[in-house]
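Engineer: First, the structure itself, so that you have it in front of you.
Every read-out reported here was derived from the displayed coordinates using simple, explicitly stated rules and does not represent laboratory data. Just so you know, these numbers come straight off a predicted model, no measurement behind them. As a convention, Cβ positions derive from the backbone with ideal geometry for all residues, glycine included, and neighbour counts pool all protein chains shown.
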2 protein chains.
Amino acid sequence: MPDFFSIQKKDSHSRARAGTIHTAHGDLQTPCLMTVGTKATVKTLTPFDLKKIGVGCVLANTYHLHLSPGEDLIAKLGGLHAFMQWDGPMFTDSGGFQVFSMGHGTVADEIKGRERRHAKKRVLDITEEGVRFHSYLNGDERFLSPESSIQIQHKLGADMIAAFDECTPSHVDKHYTRQSMERTHRWLDRCIAEHRTLKSDQALFGIIQGGVYPDLRDISLDFVQRSGTPGICIGGSLGKNKTEMFDVISHAMDRLSSEKPVHLLGIGDLDDLILGVEQGIDTFDCVTPTRNARHGLLFCSNSPDHRLRITNAEFREDTAPIDPDCDCEVCQNFTRAYVHYLFRAGEYLAIRLATHHNVHFIQRFVRQMRESIVEEKFQMFKEQWLG
Amino acid sequence: MPDFFSIQKKDSHSRARAGTIHTAHGDLQTPCLMTVGTKATVKTLTPFDLKKIGVGCVLANTYHLHLSPGEDLIAKLGGLHAFMQWDGPMFTDSGGFQVFSMGHGTVADEIKGRERRHAKKRVLDITEEGVRFHSYLNGDERFLSPESSIQIQHKLGADMIAAFDECTPSHVDKHYTRQSMERTHRWLDRCIAEHRTLKSDQALFGIIQGGVYPDLRDISLDFVQRSGTPGICIGGSLGKNKTEMFDVISHAMDRLSSEKPVHLLGIGDLDDLILGVEQGIDTFDCVTPTRNARHGLLFCSNSPDHRLRITNAEFREDTAPIDPDCDCEVCQNFTRAYVHYLFRAGEYLAIRLATHHNVHFIQRFVRQMRESIVEEKFQMFKEQWLG
């Protein structure tokens, strides 16, 4: 068994690196943007589409799958890989983020207790033990703890799993952020203990919290690094804007040892991917490519912001492909006019073609970024895309 | 250029026959169930899926495509084949059926004028000239005539097109049925004249009306046969139940010359396909396989009625494929449990997998029926499926 993570090439002008995560379901080339398959499906696409596109890793959601169909059923059916017929690397998040954010406006509403005055409150209790909450599906009361999150993820059987954490937003005060962070650290110890008890060979990722406070981030990254998990996530609030976000990231990456893969949770715009990789981030996950696709916002190399809104009237008679530079099945065969029409007609195929294109585009983008690192051309790649 | 239709084999015990319709977009083996792609898309599937499945012919809808995106846009973009990237044989219906049936309860409501008292009436006027109606999309007043239907279908560019007719339901009286039929005959003459004016090489299908009245059906089939269209449809009311329907069909098929392909409009259940083919019907179209798929009603060889409702709780843990005898991509890879879960979770992939399976199943069924005719085993085939 090789090491979990190996580095093939480091950029000489930045922390960008090309690596490989070795899993029981194959090697995962990094940098990598995991494709989000929240409910054990990447919306509209089959696993065979994902293979054809070149998707490296699918990320599924512990919270959603726990509520339906339940980890016991998935385990009975052979685990997530068999259940959804994806035989490549998989990652599951811990459910922490969703427990705090599902069913109401913002994570902050929960943490600051604003939601508690409303009839539909979801989070009932955050204690040392764990979190009591209402299922967004049927209102049933449920409980998640570090131990149960790890147990669920063990049954789901992804190659990489995440520690159970409280995801602190940017507008809680430092006192709350510190208390929450310290509890998340104690939860990490319990996750590691449960993981050992289960004798799981899944790769556990600890999560760095600490919000926008550099001293707390330092404490948290020291704690997580010392915990010895094979992978590390940067989580929690990354600030109110991209400048703050990259301050937090660069502060963390200055101090992180470079031997472990670092995952940036929930981030994955084109510019974020480049700037994150430049800071040494190895893996990302983000719903934007698939969610945007469903709303007709499609990647296009030579459009402003590298995207176009296919439902706009200007595309009604446009015989060009969505992106003339794209080699995906959709761009090789269909016109903007047809995809525009399908969206206007409310046809399922619109969503499918749009999702296929967006996932293909972003996966190709990340592969080209990796190649640019290997070929010592990362700075050129960055300039090409960010100008 | 070969004849439009050739017959390879006739069953010795029935009127069943294996033939070929020759089109500019390839040969179409008959018996054939056309796959319905109402709005220039077979819901959730790409044309590449359809090729892989072995779909022979796609049927699109003149009424819907006229209203959106409009035949002029489709013509500008190269016609229906180029627009949707389907390069095989295509059929368009005339729009007559939809004008009379869209947006209200039954065709009869329209024809008997019941709808006229309602605010949302759709059909404003049926005259010798044609039909004035409200668009179901935006309420705009529109007009279709034999000439405009043929002009629209010419712009759409399918290989086979249908004459514009009034589709009479079963519960109007004989007097109305006769008057309507006679007008439809005059409309057929106008369709043929318009078709000549356009110098179209599309194969026009005349439509036999006459409701459930044998003497009217005789008049209509004589009229349509004498009109010399290369194909013939059996349309209008086929009775209140399947016994009446097959009385109408067998009465017609007793009298039709056997040189032209005969299409049975809007019919395509498994038993209808067998009994229709036994009567000499060559082609069919039916939304049932795709519509049922969207509602989770899936073909299964060894279930009662040859179908199962995948959303039923009994399939929650079922690791069998949808149909153990099916060789489609879905049955070769996914379990009933996963498809059941996808439906329960409201995931797009549910609809896609279900549609793929149902279309594959029914196309394979029809291919096997054709083989049984070629091999003089049609009666065995019938017994095998109908018992």
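Engineer: I want to verify a result. In a Gaussian network model of chain A, Cα cutoff 10 Å, which of these has the top mean-square fluctuation: A:Cys167, A:Cys300, A:Cys57?
Structural biologist: Of A:Cys167, A:Cys300, A:Cys57, the most mobile in the Gaussian network model is A:Cys300.
Engineer: Another question, then. What is the projected area of the convex hull of the Cα atoms of the range B:240-387, averaged over all directions, in nm²?
Structural biologist: Values: hull surface 38.9 nm².
Orientation-averaged projected area of the Cα hull: 9.7 nm².
Engineer: In addition: Report the rotationally averaged projected area of the range A:1-109 based on its alpha-carbon convex hull, in square nanometres.
Structural biologist: Numbers: hull surface 38.1 nm².
About 9.5 nm², averaged over all directions.
Engineer: Here's something else I'd like to know. What's the exposure ranking of A:Arg294, A:Arg186, going from fewest to most Cβ atoms within 10 Å?
Structural biologist: On the way: A:Arg294 18, A:Arg186 12.
With the fewest neighbours first, A:Arg294, A:Arg186 line up as A:Arg186, A:Arg294.
Engineer: Antiparallel DSSP bridges in chain A: what percent, to the nearest 5? Could you put the intermediate results ahead of the total?
Structural biologist: Values: 20 of 43 bridges.
Restricted to chain A, the bridges split so that about 45 percent are antiparallel.
Engineer: With an 8 Å cut-off on Cα pairs and a minimum separation of 6 or more residues, tell me the relative contact order of chain B in percent. Show your work: numbers first, answer last.
Structural biologist: Working: 726 pairs, mean separation 66.0, N = 387.
That works out to 17 percent.
Engineer: Give me B:Val123, B:Val262 sorted ascending by neighbouring Cβ count inside 10 Å, so fewest comes first. Please list the in-between numbers first.
Structural biologist: Details: B:Val123 22, B:Val262 25.
Least to most surrounded, the residues fall as B:Val123, B:Val262.
Engineer: Additional query: Checking the table B:Lys43/B:Lys242; A:Lys43/B:Lys51; B:Lys10/B:Lys377; A:Lys10/A:Lys242 against a 19 Å threshold on Cα-Cα, which pairs fail?
Structural biologist: Details: B:Lys43/B:Lys242 28 Å; A:Lys43/B:Lys51 23 Å; B:Lys10/B:Lys377 11 Å; A:Lys10/A:Lys242 25 Å.
Correct reply: B:Lys43/B:Lys242; A:Lys43/B:Lys51; A:Lys10/A:Lys242.
Engineer: Then there's this: Could you work out the helix-only [θ] at 222 nm for the protein assembly as shown, with each DSSP H run of four or more residues adding -39,500 (n - 2.57) and the total divided by the number of residues, to the nearest 500 deg cm²/dmol? Present the calculation step by step, with values, prior to reporting the outcome.
Structural biologist: Details: 31 runs with 325 residues, N = 774.
Computed ellipticity for the protein assembly as shown at 222 nm equals -12500 deg cm²/dmol.
Engineer: May I pose another question? Grab the beta carbon distance between B:Asp140 and B:Glu383, set R0 = 51 Å, and tell me the FRET efficiency rounded to 0.05. Display every interim value, and only then the final one.
Structural biologist: Working: r = 52 Å, r/R0 = 1.03.
The formula returns an efficiency of 0.45 here.
Engineer: While we're looking at this one, here's another question. Show me the three semi-axes of the equivalent ellipsoid for the range A:5-286, from the C-alpha gyration tensor (sqrt of 5 times each eigenvalue), largest first, rounded to whole Å.
Structural biologist: Each semi-axis is the square root of five times an eigenvalue, giving 26, 25, 17 Å.
Engineer: Per-residue mean of other chain beta-carbon atoms within 10 angstrom of the beta-carbon, peptide B:339-348?
Structural biologist: On the way: counts 0, 1, 12, 5, 0, 2, 9, 1, 7, 10.
The mean count of partner-chain Cβ atoms within 10 Å per residue comes to 5.
Engineer: Figure the gain on full extension for A:Asp305 and A:Lys51 (residue separation times 0.36 nm, minus the Cα-Cα span) and round it to one decimal in nm.
Structural biologist: Full extension from A:Asp305 to A:Lys51 adds 88.7 nm.
Engineer: Now for a different question. Listing A:His356, A:His306 from the residue with the fewest other Cβ atoms within 10 Å to the one with the most, what is the order? Write out the running numbers ahead of the final one.
Structural biologist: Values: A:His356 23, A:His306 17.
So the ranking, lowest neighbour count to highest, is A:His306, A:His356.
Engineer: Right, next: Could you tell me how many degrees, from 0 to 90 and to the nearest 10, lie between the Cα long axis of helix B:146-156 and the main elongation axis, the longest principal axis, of the Cα atoms of chain B?
Structural biologist: 40 degrees
Engineer: OK, next. What do you get for the angle between helix B:214-227 and the principal long axis of chain B? Use alpha-carbon atoms, 0 to 90 degrees, nearest ten.
Structural biologist: Relative to chain B, helix B:214-227 is tipped by roughly 80 degrees.
Engineer: Hey, another quick one. Taking the range B:195-282, which trypsin sites (Lys or Arg not before Pro) meet the DSSP loop condition and have no more than 16 other C-beta atoms within 10 Å?
Structural biologist: On the way: sites: B:Arg196, B:Lys199, B:Arg217, B:Arg226, B:Lys240, B:Lys242, B:Arg255; in loops: B:Lys199, B:Lys240.
Sites meeting the loop and neighbour criteria: B:Lys199, B:Lys240.
Engineer: Nearest 10 degrees is fine. How inclined is helix B:242-255 to the longest principal axis of chain B, computing both from alpha carbons?
Structural biologist: So the helix axis and the longest Cα principal axis differ by about 60 degrees.
Engineer: If you wrap a convex hull around the alpha carbons of the protein assembly as shown, what volume per residue comes out, as a whole number of Å³? Show your work: numbers first, answer last.
Structural biologist: On the way: hull volume 137.3 nm³, N = 774.
Cα convex hull per residue, to the nearest whole number: 177 Å³.
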